[in-house]
Amino acid sequence: MLYLILGLLLFLGTHSVRIVADGWRTRTRARLGASGWRALYTLVSLLGFVLIVWGFGQARQMPILLWSPPTGLRHLAMLLTLLSFVLLAAAYVPGNRIKARMHHPMMAAVKLWALAHLLSNGTLAHVVLFGTFLLWSVLVFMAARKRDTQSGTGNSQGSTGATGITVALGVALWIAFTLWLHGLLIGVRPFG
């Protein structure tokens, strides 16, 4: 569990620097240059990610069961992850209405993904991993919306075509991940 927690601190810490230490980030980026900052950011994030994967894998080998989720929550988790994949696609497809309205669909996607996994898994490792991601994504989303308000970021319209592509891409990714990639990468098949 120690490696999982250390990985979460490194990974989410690097992704939170702008919120908790923006002045330090600006000074360090100026000192290292944009390329040096990106390299450091990438290295620390990658190290954190590797520790998360390894630590979570270790914790799954000796699970500590906190509760057994009812089957209905697993069905709800499927719906939430579907919405999460649509929001994830919205973060990358230019000109869609979802991004125009939300501004930060990636953070909303992480929130739904984490919540879905908290609802459908009852071990301590799942609570630590997904609970931490849920808390982090809520805080980051709030901070980003506050920055938008302070900077006067307005809403653009977005197009229907781009929104349709976003939804179709999100659904296709969800199907591919749920039916094939989740089992291949994580070792658990959501549909059994």
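The values are calculated or read from the model by the stated rules, or taken from the named source; none is laboratory data. Predicted, not measured: the structure shown is a model, and the values here were computed from it. Backbone-built Cβ (ideal geometry, glycine too); neighbour counts: all protein chains shown.
Consider Ser120 carefully, then state whether it is hydroxyl-bearing (Ser, Thr, Tyr) and crowded, with 21+ Cβ neighbours inside 10 Å. First the steps, then the outcome.
Details: hydroxyl-bearing (Ser, Thr, Tyr): yes; crowded, with 21+ Cβ neighbours inside 10 Å: yes.
The answer is yes for Ser120.
Please state which one of Val17, Val50, Val86 is surrounded by 15 or more Cβ atoms within 10 Å (Cβ to Cβ) and more than 22 Å from Leu139 (Cβ to Cβ).
Working: Val17 fails: more than 22 Å from Leu139 (Cβ to Cβ); Val50 fails: surrounded by 15 or more Cβ atoms within 10 Å (Cβ to Cβ).
After ruling out the rest, the residue left standing is Val86.
Answer yes if at least one residue in the range 57-72 is at pLDDT below 95 and among the aromatic types (Phe, Trp, Tyr), and no otherwise.
yes
Out of the range 56-72, which residues are loosely packed, with under 14 Cβ neighbours inside 10 Å and touching a residue at least 40 places away in the same chain (Cβ under 8 Å)?
Filtering the range 56-72 down to residues loosely packed, with under 14 Cβ neighbours inside 10 Å leaves 61-68, 70-72.
Once the filter is applied, which keeps residues that are loosely packed, with under 14 Cβ neighbours inside 10 Å and touching a residue at least 40 places away in the same chain (Cβ under 8 Å), the range 56-72 yields Pro63, Ile64, Leu65, Leu66, Trp67, Ser68.
Of (1) assigned by TED's automatic domain parsing to the domain that holds Ser156; (2) within 20 Å of Thr132 (Cα to Cα), Ala91 satisfies all except one. Which?
(2) is the only condition that Ala91 fails.
If Gly183 meets every condition in (1) surrounded by 17 or more Cβ atoms within 10 Å (Cβ to Cβ); (2) under 24 Å from Gly55 (Cα atoms); (3) modelled with pLDDT under 95; (4) not aliphatic (A, V, I, L, M) apart from one, which number is that one?
So Gly183 meets the others, but not (1).
Need at least 3 residues that are among the charged types (D, E, K, R) and more than 30 Å from Leu66 (Cα to Cα) per element, so show me which helices (runs of 4 or more DSSP H) inside the range 83-192 make the cut, counting only ones lying wholly within it.
Details: elements: 97-102, 105-120, 124-151, 160-176, 182-186.
Of the helices (runs of 4 or more DSSP H) lying wholly inside the range 83-192, those with at least 3 residues that are among the charged types (D, E, K, R) and more than 30 Å from Leu66 (Cα to Cα) span 97-102, 124-151.
Which residue is surrounded by the fewest Cβ atoms within 10 Å (Cβ to Cβ), if the candidates are limited to the range 132-161 and must be touching a helix residue (DSSP H, G or I) at 6+ places or on another chain (Cβ under 6 Å) and small (Gly, Ala, Ser)?
Ser156
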